[in-house]
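The structure appears below as structure tokens.
The values are calculated or read from the model by the stated rules, or taken from the named source; none is laboratory data. Here the structure is a predicted model, which is why all the values come from computation and not from measurement. Positions of Cβ are backbone-derived with ideal geometry, glycine not excepted, and every protein chain shown enters the neighbour counts.
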Amino acid sequence: MNRPRFTVYIPSHNYGRYLSDAIESVLRQTVEDWELVVIDDGSDDETPEVMNLYRGHPKISVYRTEGIGLTAVCNFALGKARGEYVIRLDGDDVFDENILLVLGNALDRHPDVALVFPDYYLFDDFGKIFAQERRHRLYSENHQLDMPPNGACTLIRLSILNEIGGYREDLGAQDGFDLWSKVALRYKCANVNLPLFYYRRHDANLTSDSQRIINARRQIKKDAVNNQLAALRPIIAVIPCRRGFDFVPDLWKQEIAGATLLERSIKACLSSTMFDHVVVTSDTEETGEAVGRYNDPRLSFVLRDAQSTIRTASIVPTLEMIARKFDPELRGVTLVRYLQSPFVTVDTIDEAIGTLALGGADSVTAVEEIRSQLFRRTRHGLETLNRSGELRTDYDVVYRDVLSCVATRNRNLPSGSLTGHSIVSFVVPSAECFLIDSAQKLRIAQLMAGETS
């Protein structure tokens, strides 16, 4: 039997009501040299009946697994794949009829490219298109590789998938990011600015489970950068404190759930294995006395001038002073941990370092995505900043800095810049975006942490 050029596989777990549309979109492809592998992963809906409609088609193979999960099903499909190129179509999504033609041509013409992905339409349960997502061209219009493609509808060489060991089965989410983290740092990738599939949004989407996605993303980053941390060292965490200029003197002394804001920040930083040094810096020796109660060789105190703590003063000279003490050649990284954000976890701190390593940028900052409509005033009235419900690109997403932590390469500091020229970001859970900048916010934080008095 001749080897097909493409292997398409469709996993389905209780997507029976959509599955026929997905399969038919493969049958309508404008190229002929494909095979289709359909896997029912323990469905208890009409999925088996729908699959039976296509059983016996010479290009379609059907299988059943018993609830092993999406990534395990993906690896099962790879074991059945015979094509040169492999692409997944989720059971609730639909191909454009030209997706294999266009993406296959892209890989044929560029043998150095490992994978290629297209733009796509968003459509609802009733088949109505309500938006188009567009990604700017990699390496030419978009120089940062911090936004992975979807796990589905990305065409990848089977040899590359086998080389990287297929998909991780221990996370339960973010298979696309897992794939990206393994491939993008070693191989060239590409995208095509044509909408070539239809991505269905509904309540059962895996993408609606935000915390599971965040946890999986963090673990993938942490594992992916383990071999790169040596090139970033020394890695320094800095916790800035001050006596005045906040809504109360010595804000670092304020307690939440029995621990001061400084103690919470120190605990989070010392819990990370990534830091070579954790430095508390303040304009009062009293802070140094609090630091001296800890018995960890990584932790130290650096006194800074009171003038450097005023609200309009840049933190960069203080960071440069500290960096030159612990990293004279400025080869490493400094992370600033703001104690005013008391709910930032060690996982977020580690993710900041992992994002910087993977993104190859000058700095990284934690952000929150703004989903409500934002406008700016122009001479002709209000202009929308973040588009929705229409054509949207990766540059239309708007974020806000949540001041939880920022990591920068120490080489940026002598120029007076905290961020350098290129900044990447990562989205943090909403609870970690809470910033204490008033007495009311402090009380709210205490209540959030379970205090009642």
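Being loosely packed, with under 15 Cβ neighbours inside 10 Å and in contact with an Asp or Glu (Cβ under 6 Å, 6 or more places away or on another chain), is that true of even one residue in region 364-385?
yes
The rows are residues; the columns are (1) surrounded by 21 or more Cβ atoms within 10 Å (Cβ to Cβ); (2) out of contact with any Gly (no Cβ under 8 Å at 6 or more places or on another chain); (3) touching a residue at least 24 places away in the same chain (Cβ under 8 Å).
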residue: P249; (1), (2), (3): no, yes, no
residue: A257; (1), (2), (3): no, no, yes
residue: H277; (1), (2), (3): yes, yes, yes
residue: T287; (1), (2), (3): yes, yes, yes
residue: G292; (1), (2), (3): no, yes, no
residue: L319; (1), (2), (3): yes, yes, yes
residue: P328; (1), (2), (3): no, yes, no
residue: R337; (1), (2), (3): yes, yes, yes
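Among the residues of region 225-270, what is the count of those that are part of a loop (DSSP other than H, G, I, E, B), modelled with pLDDT under 95 and over 19 Å from A439 (Cα atoms)?
Result for region 225-270: 4.
Does region 69-80 include one or more residues that are assigned by TED's automatic domain parsing to the domain that holds N193, small (G, A, S) and on the phi > 0 side of the Ramachandran plot?
yes
Which residue pairs have Cβ atoms under 7 Å apart, sit 6 or more places apart or on different chains, and have a first residue in region 47-58 that is surrounded by fewer than 13 Cβ atoms within 10 Å (Cβ to Cβ) and a second that is hydrophobic (A, V, I, L, M, F, W, C)?
The qualifying pairs are R55/V62.
Can you tell me which of V8, V86, V31, V73 is touching a residue at least 60 places away in the same chain (Cβ under 8 Å), in a loop (DSSP other than H, G, I, E, B) and under 24 Å from V116 (Cα atoms)?
V31
State the number of residues belonging to region 398-430 that are touching a strand residue (DSSP E or B) at 6+ places or on another chain (Cβ under 8 Å) and either under 23 Å from Q219 (Cβ atoms) or of a type in the set (F, W, Y) (or both).
Going through region 398-430 one residue at a time, the tally reaches 12.
Restricting attention to region 368-382, does a residue exist that is closer than 28 Å to R264 by Cβ and among the polar types (S, T, N, Q)?
Scanning region 368-382, I find no residue that is closer than 28 Å to R264 by Cβ and among the polar types (S, T, N, Q), so the answer is no.
Scan region 271-296 residue by residue and report those that are assigned to a helix (DSSP H, G or I) and not small (G, A, S).
E285, E286, T287, E289, V291
Considering only residues of region 59-103 that are out of contact with any helix residue (DSSP H, G or I) (no Cβ under 8 Å at 6 or more places or on another chain) and surrounded by 21 or more Cβ atoms within 10 Å (Cβ to Cβ), which is farthest from D124 (Cα to Cα)?
Only one residue tops the list, namely A77.
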